[in-house]
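Enquirer: What follows is a single structure, and I will ask about it in a moment.
Computed from the coordinates by the stated procedures, all read-outs in this text should not be read as laboratory data. Bear in mind that the values here come from a model prediction, so they are computed numbers and not experimental data. All Cβ positions, glycine included, derive from the backbone under ideal geometry; neighbour counts span all protein chains shown.
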Amino acid sequence: MSVTVNPLLWRDQLYINGQWRAAASGARFAVDNPSTGDTLAEVADASADDAVAAVEAAAAALPGWQALTAKKRSQLLRGWFDLVMQHQEDLARILTLEQGKPLKEAAGEIAYGASYIEWFAEEAKRIYGDVIAPPAADKRIVTLKQGVGVVTAITPWNFPNAMLARKIAPALAAGCTLVAKPAAQTPLSALALAALAEEAGIPAGVINIVTGTDAAAIGEVLTTHPLVRKVTFTGSTAVGKKLIAQTADSVKKVTMELGGNAPFIVFDDADLDAAVDGAVVSKFRNAGQTCVCANRFYVHASVYDAFAKKLQVATEALRVGDGLQQDVTLGPLINEAAVKKVEDLVADAVARGAKIVTGGQRLSSGSLFYLPTLLVDVPPDARLAAEEIFGPVAALIRFTNEAEVAEWANASEFGLAAYFYTQNQARIWRFSERLETGMVAVNDGALSNEMAPFGGIKQSGMGREGSRYGINDYLNIKYLAIGGI
Ligand code: ADP
């Protein structure tokens, strides 16, 4: 296709040690537009050798990066943030082309990803140690916080910009260098981000990007190479478990942002209009392909029909299509397997008695566009209440009391996000404390921002991204015992 974005940002090579280069094998792979099926670019297809070169480059760049003052690192990150925002439109276009989400949502993701760069540019200067009361008069106890060293990041296709930005930014702020492997479906956003980091003067080797289709081979290097001190991953729980196991032999630190199965609960005293607004944001953003998307709606029996009616209206107002078109609010799913999975889950729910109120099929046969869908009378044991749908399907289940819905909400091996709507202040506290998730949104459909700690419990992962806690994942505490004073 003809390139319609700034050529500075349109990159198709690996970025290793400050150089744009082909894969050692010369191999390339195609990146397709999920809306049209067109091939957008042929990108360098890295092998394990390229991953080793990238890790070695990150290790070589580490002493120089650590030697900079926190203030200097902060200024470089800030400069990168400014460039990302200057190029927001082009970055959004690249994102929509390779990922499919509506352009406005893509621009939102660029700003959201950039907010982590801005935030950690600020946090870079606020890494504090302690002076601790000693056990003897002639001793002193002091703690230092130091960057862990070389970090590797493996990121998914659903937020090709933001998932990477929120790993690179805290790593660099902490004085670490990094190698990233973006998802093979969406490497262009990652390469564009690196091009702007280069432009901002972030030194060679501090950020390295290895694109490729052999995730297992590249991933093995990134999780086992002795120079790597930490692995940070966003993706499926199945892959996350594999990566944790691979890091065990060399005892690396890990941050894992894995799958979710968010309950969205509407109590009988909820503001139903607000609940519908929140449901649309939480369910249909990115066509339902986020790990914090509402996955199962529990609606109190006394407001069930009223909520379903309002949600039907809101669902039918969404417009599916190519994200580059002006009024489109819902893009395609990422690939055929994703659509098949959604179809299977809907078929299972219907077989168990659920009714399709709207949607329930593709926009046209064979396309990757799945219509925004509302299912009612969904039984609590339908498969989509237990499995991540990752598609635009809202499934409404009835409940009758708080104890019952608390049990259902917590009956999951996942523990990422939960949403609930109520006007009862006591219930807000009581129910929030009872939910087994890392994040709880109360009367709100959007919970992710750079100031808050994002992360899960149970099989949704470990570690936090964003907030003042986010940098801790990239720091070691060193304790100095000073005697003879
Ligand atoms: P999703 O279902 O969102 O595609 P995955 O967990 O499969 O989630 O993918 C997330 C990231 O993990 C992608 O960059 C993918 O290439 C990578 N990945 C998948 N399998 C492996 C593996 N065995 N080792 C390392 N990375 C992997």
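Enquirer: Which of (1) within 16 Å of the ligand (Cβ to nearest atom); (2) within 30 Å of G37 (Cβ to Cβ); (3) hydroxyl-bearing (S, T, Y) does Y112 not meet, given it meets every other one?
Expert: All conditions pass for Y112, except number (1).
Enquirer: Out of K310, K341, which single residue is out of contact with any helix residue (DSSP H, G or I) (no Cβ under 6 Å at 6 or more places or on another chain) and basic (K, R)?
Expert: Answer to the check: K341.
Enquirer: Just checking, which of S189, S282 is closer than 25 Å to A114 by Cβ, away from the ligand (no atom under 15 Å from the Cβ) and either within 18 Å of the chain's Cα centre (by Cα) or basic (K, R) (or both)? Show your work before the answer.
Expert: Details: S189 fails: away from the ligand (no atom under 15 Å from the Cβ).
Answer to the selection: S282.
Enquirer: Something else: Scanning for something surrounded by fewer than 24 Cβ atoms within 10 Å (Cβ to Cβ) and within 16 Å of the ligand (Cβ to nearest atom), does region 126-146 turn up at least one residue?
Expert: No; the residues of region 126-146 include none that is surrounded by fewer than 24 Cβ atoms within 10 Å (Cβ to Cβ) and within 16 Å of the ligand (Cβ to nearest atom).
Enquirer: Hey, another quick one. The conditions are (1) touching a Phe, Trp or Tyr at 6+ places or on another chain (Cβ under 9 Å); (2) polar (S, T, N, Q); (3) assigned to a helix (DSSP H, G or I), and N158 fails exactly one of them. Which is it?
Expert: All conditions are met except number (3).
Enquirer: Okay, moving on. Only one of these conditions is not met by A238: (1) farther than 26 Å from T422 by Cα; (2) touching a Pro at 6+ places or on another chain (Cβ under 8 Å). Which number is it?
Expert: (2)
Enquirer: I'm trying to understand the selection: among the residues of region 166-188, which are charged (D, E, K, R) and surrounded by fewer than 24 Cβ atoms within 10 Å (Cβ to Cβ)? If you could, list the steps in order and put the result at the bottom.
Expert: The initial filter retains those residues of region 166-188 that are charged (D, E, K, R), namely 166-167, 181.
Result: no residue meets the conditions.
Enquirer: Additional query: Say whether the condition of being part of a helix (DSSP H, G or I) and among the aromatic types (F, W, Y) is met by at least one residue in region 119-142.
Expert: Within region 119-142, one or more residues are part of a helix (DSSP H, G or I) and among the aromatic types (F, W, Y).
Enquirer: So if I check each of E122, E89, E105, E56, which one is buried (at least 19 other Cβ atoms within 10 Å of the Cβ), of a type in the set (D, E, K, R) and at negative phi?
Expert: E105
Enquirer: Let me ask something additional. Which pairs turn up if I take residues in region 207-230 that are farther than 23 Å from L77 by Cβ and look for partners that are near the ligand (Cβ under 9 Å from one of its atoms) and polar (S, T, N, Q) with beta carbon separation below 8 Å, at least 6 apart in sequence or on another chain?
Expert: G219/Q246; E220/Q246; T223/Q246; T224/Q246
Enquirer: With the checklist (1) surrounded by fewer than 22 Cβ atoms within 10 Å (Cβ to Cβ); (2) within 16 Å of the ligand (Cβ to nearest atom) in hand, flag the one item T155 doesn't pass.
Expert: Single failed check for T155: (1).
Enquirer: Do we have S35 as surrounded by 18 or more Cβ atoms within 10 Å (Cβ to Cβ) and in a helix (DSSP H, G or I) here?
Expert: Details: surrounded by 18 or more Cβ atoms within 10 Å (Cβ to Cβ): yes; in a helix (DSSP H, G or I): no.
Taking the combined requirement at face value, the residue does not satisfy it.
Enquirer: Strands (runs of 3 or more DSSP E) wholly in region 307-418 with at least 3 residues that are touching a residue at least 60 places away in the same chain (Cβ under 8 Å), touching a strand residue (DSSP E or B) at 6+ places or on another chain (Cβ under 6 Å) and crowded, with 22+ Cβ neighbours inside 10 Å - which ones?
Expert: Details: elements: 355-358, 373-376, 393-399.
Correct list: 393-399.
Enquirer: Can you tell which of G205, G175 is assigned to a loop (DSSP other than H, G, I, E, B), within 16 Å of I16 (Cα to Cα) and away from the ligand (no atom under 12 Å from the Cβ)?
Expert: G205
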